[in-house]
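Enquirer: Sharing a structure here in structure tokens format.
The values are calculated or read from the model by the stated rules, or taken from the named source; none is laboratory data. Source: prediction; values computed, not measured. Heads up, the Cβs are rebuilt from the backbone with ideal geometry, glycines too, and the neighbour counts pull from every protein chain shown. The protein model used for the area step is the full one, side chains on, heavy atoms only, and it has no ligands, DNA or RNA in it. Shrake-Rupley method; radii C 1.70, N 1.55, O 1.52, S 1.80 Å.
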Amino acid sequence: MAKEIPKYLELVEWIREQIETGKLCPGQKMYSENELSAMFGLSRQTVRHAIGVLEQDHVLNRIRGSGTYINGDSPAELADRTRVAVVVTYLDSYIFPRTIQAIEDVFFKEGYSVQIAFTNNLIERERTILEDILEKDEVAGLIVEATKSALPNPNIHFYEKLMAKKIPVLFINSYYPGLSLPHISMNDRLAGKLAADFLIRKGHKKITGIFKLDDGQGHLRYAGFLEALKEAGIECKESRIFWVDTEDIKHFSKLTEKIRDRLSGCTALVSYNDEVAFGLMKVLKKENIRVPEDLSIVSIDDSELAVLGDVKLTSIPYPMEELGHKAACNLLRMIHNSGFDGNYEFDLYVEERDSVREL
């Protein structure tokens, strides 16, 4: 006849299984003795015995006055790792090569290797990348650009697992508002406000805007745009605002009718970024709408695209290298000091060129 397994060992095995399957994560607080007693119908003494066994095996860690926690990487152990992960949306974006290069330069000098992954702004790819990072459990920290940050994201729990493991995560450009994680970006609300303010100072009152729907940056820039119009006493007509998403930007020519409709009666426009402005100007040229004679444009990013067209764009510079350098430096500090606040937003200005005329 098989020998009956002691009750405390059944509880020990259950806790180990919960950890192995990811239902209990490193850094997460363990159920209390009272809760475990009620869940399994065991005495407090039996539960305490099981917890003691797991403490001896360094599976659990009891902190006096706080509770019992699932053991995970401490900041000291993370500091011994020599790899960081950088997760961004696109490889071919005009922004990221310069930002990533700045990140790599900082970490290379500090003896770290950099693992780079691209989501292509797809939730599914973001999930796969985060699953791989969690499974391999090799990185000391992550720099991440949020995927479609204006939309609800089903991958949030992966970031919560990283937080439970005390692996620092720092967002760049945009971020998920529901997570209490730091970010480094331009001040997007201020960018929208500065762009609209510039047009208002040039005498424009009939101002439209084109913003990105599925990224948080688009919503913040729109909020700044509205703020500038409100301060100037200019009514913002909803019929003049149009939103685009990631797919729309790839096929701007299909938006010709919508663009023509929204621009009717306007003398100026604030563009979400240079990529959008560049695509828009191609459509305007086919429609015989001249920049800046018929329509003035202020954009955001001040990238190479701002000076490639027939008309050089007035644009708000995006601090590409500075952002990468700052992100790498702040993540390093977060790795070595879990209490460091990695948040930072850059101040901005308008780089004036030829795309705005004064009324």
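Enquirer: I want to confirm something. Restricting to the range 1-22 and keeping residues that are closer than 17 Å to Ser43 by Cβ and exposed (fewer than 11 other Cβ atoms within 10 Å of the Cβ), which single residue is modelled with the highest pLDDT?
Expert: Ile5
Enquirer: Then there's this: For the range 166-205, which positions are touching a helix residue (DSSP H, G or I) at 6+ places or on another chain (Cβ under 8 Å), open to solvent by less than 40 Å² (accessible area, probe 1.4 Å) and assigned to a loop (DSSP other than H, G, I, E, B)?
Expert: Ile167, Pro168, Asn173, Ser174, Tyr176, Leu179, Leu181, Pro182
Enquirer: Taking the range 247-263 on its own, how many of its residues are at pLDDT 85 or above and either closer than 21 Å to Asp197 by Cα or open to solvent by less than 60 Å² (accessible area, probe 1.4 Å) (or both)?
Expert: 7
Enquirer: Another one. Select from the range 264-302 the residues that are out of contact with any helix residue (DSSP H, G or I) (no Cβ under 9 Å at 6 or more places or on another chain), free of Cβ contacts under 8 Å to residues at least 40 places away in the same chain and not basic (Lys, Arg) and write down the one among them that is surrounded by the most Cβ atoms within 10 Å (Cβ to Cβ).
Expert: At the first step, the residues of the range 264-302 found to be out of contact with any helix residue (DSSP H, G or I) (no Cβ under 9 Å at 6 or more places or on another chain) are 281, 285, 288, 292-293.
With the extra rule that they be free of Cβ contacts under 8 Å to residues at least 40 places away in the same chain, the set shrinks to 281, 285, 288.
Checking which are not basic (Lys, Arg) leaves us with 281, 288.
Numbers: Met281: 24, Asn288: 7.
In this case the residue turns out to be Met281.
Enquirer: Taking Ala327 and the conditions (1) at pLDDT 95 or above; (2) over 23 Å from Tyr222 (Cα atoms); (3) open to solvent by less than 60 Å² (accessible area, probe 1.4 Å); (4) more than 27 Å from the chain's Cα centre (by Cα), which numbered condition does it fall short on, given that it satisfies the others?
Expert: (4)
Enquirer: Further, regarding this structure: Condition first: touching a Ser or Thr at 6+ places or on another chain (Cβ under 8 Å), closer than 23 Å to Leu179 by Cβ and either polar (S, T, N, Q) or without any contact (Cβ under 8 Å) to a residue 24 or more places away in the chain (or both). Can you find one or more residues in the range 77-95 that meet it?
Expert: The answer is yes; a qualifying residue exists.
Enquirer: Provide a single number: the residues in the range 108-132 that are under 17 Å from the mean Cα position of the chain (by Cα) and open to solvent by less than 50 Å² (accessible area, probe 1.4 Å).
Expert: Of the residues in the range 108-132, 8 are under 17 Å from the mean Cα position of the chain (by Cα) and open to solvent by less than 50 Å² (accessible area, probe 1.4 Å).
Enquirer: Pairs, please: C-beta under 8 Å, at least 6 apart or cross-chain, first residue within 13 Å of Asp137 (Cα to Cα) and at pLDDT 90 or above and in the range 156-180, second polar (S, T, N, Q) and surrounded by fewer than 22 Cβ atoms within 10 Å (Cβ to Cβ)?
Expert: Pro168/Ser338
Enquirer: Is there a residue being farther than 27 Å from Glu231 by Cβ and at pLDDT 95 or above anywhere in the range 184-195?
Expert: Initially, the range 184-195 is screened for residues farther than 27 Å from Glu231 by Cβ, giving 184.
Still in the running and at pLDDT 95 or above: 184.
There is at least one residue in the range 184-195 that is farther than 27 Å from Glu231 by Cβ and at pLDDT 95 or above.
Enquirer: Now a separate question. Of (1) closer than 30 Å to Glu20 by Cα; (2) open to solvent by less than 30 Å² (accessible area, probe 1.4 Å), Glu160 satisfies all except one. Which?
Expert: (2)
Enquirer: Going by what's in this entry, would Gly72 be described as at pLDDT below 85, more than 30 Å from Met320 (Cβ to Cβ), of a type in the set (Gly, Ala, Ser) and out of contact with any Lys or Arg (no Cβ under 9 Å at 6 or more places or on another chain)?
Expert: Details: at pLDDT below 85: yes; more than 30 Å from Met320 (Cβ to Cβ): yes; of a type in the set (Gly, Ala, Ser): yes; out of contact with any Lys or Arg (no Cβ under 9 Å at 6 or more places or on another chain): no.
No: the conditions fail for Gly72.
Enquirer: I'm trying to understand the selection: among the residues of the range 208-238, which are farther than 20 Å from Asn153 by Cβ, open to solvent by 30 Å² or more (accessible area, probe 1.4 Å) and in contact with a Lys or Arg (Cβ under 7 Å, 6 or more places away or on another chain)?
Expert: Glu227
Enquirer: Being in contact (Cβ under 8 Å) with a residue 40 or more places away in the chain and among the aromatic types (Phe, Trp, Tyr) is the requirement here; does Phe242 meet it? Before you say what the answer is, go through the steps one by one.
Expert: Working: in contact (Cβ under 8 Å) with a residue 40 or more places away in the chain: no; among the aromatic types (Phe, Trp, Tyr): yes.
Against the criterion (in contact (Cβ under 8 Å) with a residue 40 or more places away in the chain and among the aromatic types (Phe, Trp, Tyr)), Phe242 does not qualify.
Enquirer: Which numbered condition trips up Leu348, out of (1) within 18 Å of Leu142 (Cβ to Cβ); (2) touching a residue at least 40 places away in the same chain (Cβ under 8 Å)?
Expert: (1) is the only condition that Leu348 fails.
Enquirer: So if I check each of Leu308, Leu313, which one is more than 21 Å from the chain's Cα centre (by Cα), open to solvent by 10 Å² or more (accessible area, probe 1.4 Å) and among the aliphatic types (A, V, I, L, M)? Walk me through how you get there before you give the answer.
Expert: On the way: Leu313 fails: open to solvent by 10 Å² or more (accessible area, probe 1.4 Å).
Residue meeting the stated conditions: Leu308.
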